[in-house]
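Everything on this sheet refers to the single structure shown next.
The values are calculated or read from the model by the stated rules, or taken from the named source; none is laboratory data. Predicted model only: the values in this text are computed from it and were never measured. All Cβ positions, even for glycine, are placed from backbone atoms using ideal geometry, and neighbour counts span all protein chains on display. Remember, those area values only see protein heavy atoms, side chains included, never the ligands or the DNA or RNA. Shrake-Rupley method; radii C 1.70, N 1.55, O 1.52, S 1.80 Å.
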Amino acid sequence: PQAGLSLAELLVAVAIAGIMLSIAAPSMQSLVRQMQLKTAVGDMAGAIDLTRSQAIMRGRRVYMAPTGSDWAGGWAVFVDADGDARPGAADEIINTHGPLAGGMAISSGFTSPRVPDYIAYNAGGRSCSHASSMAARWGTLSLSLDGKLRRIKINMLGRSRTCDPERDAANCAGPD
């Protein structure tokens, strides 16, 4: 007797595998999108922590600002040499992040709104405004993708935390 599969057995196995893949594909897509949101929140929270630690280490104000027209286009952590709160050629760039996944939106709400948006920390590790290292600036960044929302909240002392409005509704307010 010969070992192996007949053509009919192989076709049945391939058909069953195809049916199972077509059932699993939508949930896989949802899982991928959830992971993209989780990764973006982690990357942004890590960049905020880097900004704060660099300000403390260098003993001077350090900024984090979008590299394009908004946060979803990427951001940079930098020492602002030219005083415009935007990353540029004259500035010392510490770290950059590229664009986020397609369809991701980021909105922000801070105590002292300014366009373009930015996050700044002074030498003491406190969040501050562009106008003054002593003026506290706190607020929230909201990241959304496919109807899911996550927030990064920065308090008056400059500490950041992430939250899920569905799970932590009472302590996770911010811009949608």
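Computed from Cα atoms, the angle from the helix 7-58 axis to the main principal axis of the chain rounds to 10 degrees. Largest mean-square fluctuation among GLY42, GLY73, GLY147, in a Gaussian network model of the chain whose springs join Cα atoms under 10 Å apart, belongs to GLY147. The largest-to-smallest principal axis extents of the Cα set in the chain are 84, 39, 27 Å.
Carbon-plus-sulfur accessible fraction, the chain (probe radius 1.4 Å, protein heavy atoms only): 60%.
Computed with a 1.4 Å probe on the full set of protein chains, the accessible area for GLU166 sits at about 130 Å².
Among THR67, THR111, THR96, the residue with the largest mean-square fluctuation in a Gaussian network model of the chain, with springs joining Cα atoms closer than 10 Å, is THR111.
Amide H contacts of ARG61: ALA123, each under 5 Å away and 5 or more positions distant or on a separate chain (H built 1.01 Å from N in the peptide plane; Pro and chain starts excluded). Neighbours of GLY68, meaning other residues whose beta-carbon lies under 14 angstrom from its beta-carbon, give a summed charge of -1 when Lys and Arg score +1 and Asp and Glu score -1.
Here the Gaussian network model covers the chain, with springs between Cα atoms less than 10 Å apart; of GLY18, GLY88, GLY103, GLY18 fluctuates the most. In this rough spin-label picture, where each label sits 7 Å from Cα along the Cβ direction, the MET35-SER53 distance is 2.5 nm.
What is the distance in Å between the Cα centres of the stretch 20-79 and the stretch 124-142? Going from one Cα centre to the other spans 19 Å. Accessible surface calculations at 1.4 Å, restricted to protein heavy atoms, place the chain at 55 Å² per residue. A cut-off of 5 Å between modelled amide H atoms, ignoring neighbours fewer than 5 places along the same chain, links CYS128 with ALA120, TYR121, ASN122, ARG137. Between MET156 and MET20, what is the FRET efficiency for a Förster distance of 41 Å, r being their Cβ-Cβ separation, to the nearest 0.05? For R0 = 41 Å, the calculated efficiency reads 0.20.
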